[in-house]
1. Does V157 meet the test of being of a type in the set (V, I, T), at pLDDT 85 or above and more than 25 Å from the chain's Cα centre (by Cα)?
2. Among the residues of the range 4-55 satisfying the criterion of being under 30 Å from T127 (Cα atoms) and hydroxyl-bearing (S, T, Y), which is surrounded by the most Cβ atoms within 10 Å (Cβ to Cβ)?
3. I need the full set of residues from the range 63-115 which are under 29 Å from L49 (Cβ atoms), in a helix (DSSP H, G or I), at pLDDT below 70 and among the hydrophobic types (A, V, I, L, M, F, W, C), in order please.
4. Checking S167 against (1) surrounded by 13 or more Cβ atoms within 10 Å (Cβ to Cβ); (2) under 28 Å from Y43 (Cβ atoms), which single condition isn't satisfied?
5. Restricting attention to the range 36-59, does a residue exist that is of a type in the set (G, A, S), under 30 Å from S96 (Cα atoms) and at pLDDT below 90?
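The values are calculated or read from the model by the stated rules, or taken from the named source; none is laboratory data. Owing to the predicted nature of the structure, the values given are computational and were not obtained by experimental measurement. Heads up, the Cβs are rebuilt from the backbone with ideal geometry, glycines too, and the neighbour counts pull from every protein chain shown.
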Amino acid sequence: MKKSIIVIAVLVLIGGYGLVTYNKLVSSSESADTQWAQVEAQYQRRFDLIPNVVNAVKGAMKQEEAVFTAIAEARTRYAGATNTDEKAQAASDVESSYARLLVIIENYPQLKSVEAVQTLMDQIEGTENRISVERGRFNDAVRSYNLVAKRFPGSVVASLFGYEAKSYFQGAAGTDLAPAVEF
């Protein structure tokens with residue numbers, strides 16, 4: 001009778017430990033999966049944000065680029081002018097372009113393209129930092145899960161219920177190079 005009570009107690013302890021370990025595996029696995037979802041959310045932010053910011057910068061630069069292009073073309077026409085009428089027309093075009101430039105400078109003390117480019121760079125840097133932080137948190141969650149799944153006797157419970165070690169995030173080949181942003 002005493003032996004059967006001891007055997008039952010041992011089985012209850014083993015079952016209790018198995019239950020606790022199983023619950024740790026489930027919780028740790030969910031934490032890792034949730035953290036990966038955070039990484040993906042930041043990737044989505046990157047995919048949504050960067051093209052929109054780049055297009056906004058392009059739009060801002062187009063407005064200012066038109067003025068600079070008009071100035072350059074007028075100067076080129078002036079340099080290539082062969083008679084007075086052509087030179088006068090080219091000079092008038094230069095003055096008109098300069099007037100538009102002055103209006104832009106008066107309204108925008110710092111040209112918006114410079115600010116827009118700086119904003120783009122800040123947004124890219126912020127997004128990449130967020131991704132890096134979330135990747136680190138994911139690897140921490142995977143480490144916690146893997147410790148439960150690989151340590152004995154937790155590894156026995158993990159193998160019984162099909163819980164396998166998860167892979168850490170590792171950068172792919174070539175990700176050490178900065179992505180190109182072209183206008």
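1. yes
2. Here the residue is S28.
3. I104, V114, listed by residue number.
4. So S167 meets the others, but not (1).
5. Yes, that holds for at least one residue.
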